[in-house]
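Working notes, structure below.
The values are calculated or read from the model by the stated rules, or taken from the named source; none is laboratory data. Computed from a prediction, not measured in an experiment: that's the story for all the values here. Please note: Cβ atoms are built from the backbone with ideal geometry, for glycine as well, and neighbour counts cover all protein chains shown. Areas reflect the complete protein model, heavy atoms only, side chains present, ligands, DNA and RNA absent. Shrake-Rupley method; radii C 1.70, N 1.55, O 1.52, S 1.80 Å.
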Amino acid sequence: MDPSTSSDITLDINGEKHALLVDHRTTLLDALRERLDLTGTKKGCDQGQCGACTVLIDGQRAVSCLQLAVAAEGRHITTIEGMAEGGQLHPVQQAFLDLDGYQCGYCTPGQICSAVAMLDEHAAGWPSAVTGDVRTEAAPPELTPEEIRERMSGNLCRCGAYVQIVEAVARAAAERTGTGPDGTPWKPADPATEVSA
């Protein structure tokens, strides 16, 4: 590679350092998939519109097809491969599995990464376009299906599993806070009875 158009970089991905020589035009998505064999991150539109390539960068969601690999150096990147801890699925992953929040599965890694970051954004009090009270002193808004749909609207599912995706995100949120959307104490139900028909 031409040294004037390439750089040696080190990417911190899922807690591991990866040294790469990359062309300056290489996207983070292509570095993950083509150079590091982390193929859980999917290439959908390659234009930042479908969300299939969503990863977490320093804990915030980002579409990796619009992020240059050289710009990601020095930041903490989490892909779907890094969501589980110690063989235990992340609660969002488990909810997607239990509630059929996927069909073909192509968009699922991006949906899960986006949902994990979205739940952190909600807990931090970030409003969405449908949040009624956006004052900073207001408590985080109730995580209604409308709020979840709006907050997840950057992730498309071409199979149309949106109902199950919303249910899975709501369940993961309830597990996290210990309360259901109506504010009552939440307790896990039998997953077999929660699956949508």
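Before moving on, here are some points about what is shown:
- Placing a pseudo-label 7 Å from each Cα along the Cα-to-Cβ vector at A138 and D58 gives an inter-label distance of 2.8 nm.
- In region 1-159, the DSSP beta bridges split such that about 90 percent are antiparallel, to the nearest 5.
- For E150, the solvent-accessible surface with a 1.4 Å probe is about 70 Å², rounded to the nearest 10.
- Taking 0.36 nm per residue of sequence separation and removing the Cα-Cα distance, the Q49/E73 pair yields an extension gain of 6.3 nm.
- With each label modelled as a point 7 angstrom along the Cα→C-beta vector, the S4-W126 pair spans 4.0 nm.
- From the Kirkwood radius over Cα pairs of region 1-85, Stokes-Einstein at 25 °C and 0.890 mPa s returns a whole-number translational diffusion coefficient of 193 µm²/s.
- Counted charge near A161, where neighbours are those whose Cβ lies closer than 11 Å (Asp, Glu -1; Lys, Arg +1): -1
- In this structure region 1-117 gives 47 Å² per residue of accessible area when probed at 1.4 Å with all protein chains present.
- Gap separating the Cα centres of region 1-77 and region 97-141, nearest whole Å: 23 Å
- Solvent-accessible area, 1.4 Å probe, carbon plus sulfur percent, for region 1-153: 49 percent
- Multiplying the residue separation of R35 and D23 by 0.36 nm and subtracting their alpha-carbon distance yields 3.2 nm.
- Using a Förster distance of 35 Å, the FRET efficiency for E175-L66 (Cβ separation, nearest 0.05): 0.65
- For the chain, the relative contact order is 19 percent, taking Cα pairs closer than 8 Å that sit 6 or more residues apart in sequence and dividing their mean separation by the residue count.
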